[in-house]
Structure formats: structure tokens, C-alpha cells
Amino acid sequence: QVQLVESGGGLVQAGESLRLSCAASGSTFRPNTIGWYRQAPGKQRELVAEFGSGGTINYADPVKGRFTISRDNAKNTVFLQMNSLKPEDTAVYYCRARTSFRLYWGQGTQVTVSS
């Protein structure tokens, strides 16, 4: 059973940085896509950044130039470096992976940015 485990969330002030990690269990896990989504209170879950199929990288417009997604394939881990954080980045951040057969979600990690 594949599990996605996020870590690295926390409370920071506006302008500061955080680095999120998502570790996927299972040495043979090779998703077609993997990345980060977020959900703020009262809002729908939305894409933040994602490795798409074919090696593409997609960023949501609000985070372009501030957030960077990266991965360590040897460790089955995906990272999200978040710089210049804003209060509107406050949300629960989820790791998501998609294979040909199903969708996987992590449990989420809270990011809170104070002004």
C-alpha cells in the first residue's frame, strides 16, 4: 500500500520561507504525476505545483517565481520550497500522486503565514 507523508509545515511570518517534503513509501512506486495542492478554509483544493507526465512542471500563477518544486527520485521524495510567503498562502498543503490506476493523497500539513 502506497502512502504519501508530508512534513515541513508550520507558522511563519510574511516574507519568510518554508520547505515541505513528501515521502512516498514503496520502492517501486513510479507515479505518472506527483506534486502539491493546497486548501484554504472555505475554499476548494487547488494545484500549487506538480511534475506532470513527460517531465513537465506546472505552477499555479499565484506561486510562480516564489515556489519551487523538486524531487529526489532515489528517495522517492518531492519537495516544495516556498519563499516570500504571503498570508494568502495559508492553507493545508497536500501531496498528490497519480498512477494509471488511482489517485493518492497525503494527510496534509498546515502552513500558516502571519502578516
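The values are calculated or read from the model by the stated rules, or taken from the named source; none is laboratory data. These numbers were taken from a predicted model, which means no experiment stands behind them. Reconstructed Cβ throughout: ideal geometry from the backbone, glycine too, with neighbour counts over all protein chains shown. The area values use the complete protein model at the heavy-atom level, side chains included, leaving out ligands, DNA and RNA. Shrake-Rupley method; radii C 1.70, N 1.55, O 1.52, S 1.80 Å.
For this structure, a couple of remarks:
- Sequence-separation-based contact order of segment 40-99, relative, with Cα cut under 8 Å and 6+ spacing, percent: 25
- Remark: relative contact order (the chain) = 37 percent; criterion is Cα-Cα distance under 8 angstrom and separation of 6 or more residues.
- Rolling a 1.4 Å probe over the protein heavy atoms gives the chain an accessible area of 55 Å² per residue.
- Sulfur and carbon atoms: percent of accessible area, segment 27-115 [1.4 Å]: 48
- Gained length - residue 98 relative to residue 58, 0.36 nm times residue gap less alpha-carbon distance: 12.9 nm
- Extension gain, residue 114 to residue 84, is 9.6 nm, computed as 0.36 nm per intervening residue step minus the present C-alpha separation.
- Each peptide among 90-98, 2-10 gets the average number of other Cβ atoms lying within 10 Å of its residues, and from highest to lowest they stand as 90-98, 2-10.
- Cross-link partners for residue 86 among the lysines, with Cα-Cα distance under 21 Å and sequence neighbours closer than 8 places in the same chain left out: 43, 64.
- Summing Lys and Arg as +1 and Asp and Glu as -1 over all other residues whose Cβ lies under 9 Å from the Cβ of residue 83 gives a net charge of 0.
- On full extension, the segment bounded by residue 23 and residue 11 gains 2.2 nm, given 0.36 nm per residue less the C-alpha separation.
- Neighbourhood net charge (10 Å Cβ-Cβ; Lys/Arg +1, Asp/Glu -1) for residue 92: +1
- Whether the chain is rounded, prolate or oblate, judged on the alpha carbon gyration tensor where a/c under 1.5 counts as rounded: prolate
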